[in-house]
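Comments concern the structure below.
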Amino acid sequence: MTATVDRHYPHRTIHPLHATLLAGTIPLFLGALLSDVAYYNTYQIQWSNFASWLLAGGLVFNGLAILCAIIGVFRAGAQRGKYILYLVLLIATWILGFIDALQHAKDAWAVMPTGLVLTVIVTLLACAATWLGLTHLRSGAAE
C-alpha cells in the first residue's frame, strides 16, 4: 500500500525578481564601503570613483526593489504592516544612499570622513532591509 502525502505550504516568498533586486543591493553597497575604506587608507582617488559607481548601482537596484515593495504593499492583505515597515526601510536606505552619492560627488578628500560614515549606515540599512524582505515577509500572504 502506498501512502500519498498532500503537502500544503502556506508560506510564500517574495517574487524572484524582487528578491534578486533586493539581494543585489548588498554587494553593491558593500563594495562601496570597501572602496571607501581603501580610499581612507591609501588616498588613491580611484577608490572614491569606484565607490561612487557602486553607490549608483546600489541606488538603481534599491529603487527597483522599492517599486516591487510598493506593489507588495497593495497585495499584502493581512500583513500590510510588515510590508510598510519593509518599504520604509528601503526608502530610508535609498534616501541616505542618495545623500551619500552626493557626498561622493565632492572633490577628492572632501568625501571623507562623512562619505565613509554614510556608506556604513547605508550598507547596514541595506542588510537590514534584505534580511527583513527575505525572511519576515513569508507568513502566508500572497505577494
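The values are calculated or read from the model by the stated rules, or taken from the named source; none is laboratory data. This one's a predicted model, so the numbers in the text were calculated from it and none came from an experiment. Here the Cβ is made from the backbone with ideal geometry for all residues, glycine too, and neighbour counts use every protein chain on show.
Looking for something in a loop (DSSP other than H, G, I, E, B) and either among the hydrophobic types (A, V, I, L, M, F, W, C) or in contact with an Asp or Glu (Cβ under 7 Å, 6 or more places away or on another chain) (or both) - is there at least one such residue anywhere in the range 70-87?
Looking for residues that are in a loop (DSSP other than H, G, I, E, B) and either among the hydrophobic types (A, V, I, L, M, F, W, C) or in contact with an Asp or Glu (Cβ under 7 Å, 6 or more places away or on another chain) (or both), one finds at least one in the range 70-87, hence yes.
From the list Ile91, Ile99, exactly one residue is hydrophobic (A, V, I, L, M, F, W, C) and closer than 23 Å to His15 by Cα. Which is it?
Ile91
Specify which of the listed residues (Thr135, Thr123) is modelled with pLDDT of 95 or more and closer than 21 Å to Leu30 by Cα.
Going through Thr135, Thr123 in turn, just one is modelled with pLDDT of 95 or more and closer than 21 Å to Leu30 by Cα: Thr123.
Just to be sure I understand the filter: pairs with C-beta atoms under 7 Å, separated by 6 or more residues or on different chains, first member in the range 30-46 and more than 25 Å from Cys127 (Cβ to Cβ) and free of Cβ contacts under 8 Å to residues at least 12 places away in the same chain, second member of a type in the set (Val, Ile, Thr) and in a helix (DSSP H, G or I). Which pairs pass?
As it stands, the answer is none, since no pair meets every condition given.
Restricting attention to the range 56-76, which residues are touching a Leu at 6+ places or on another chain (Cβ under 7 Å) and modelled with pLDDT of 95 or more?
Gly57, Gly58, Phe61, Asn62, Leu64, Ala65, Ile66
Any idea how many residues of the range 106-125 are farther than 15 Å from Ile45 by Cβ and either touching a Gly at 6+ places or on another chain (Cβ under 7 Å) or of a type outside the set (A, V, I, L, M, F, W, C) (or both)?
So the answer is 5.
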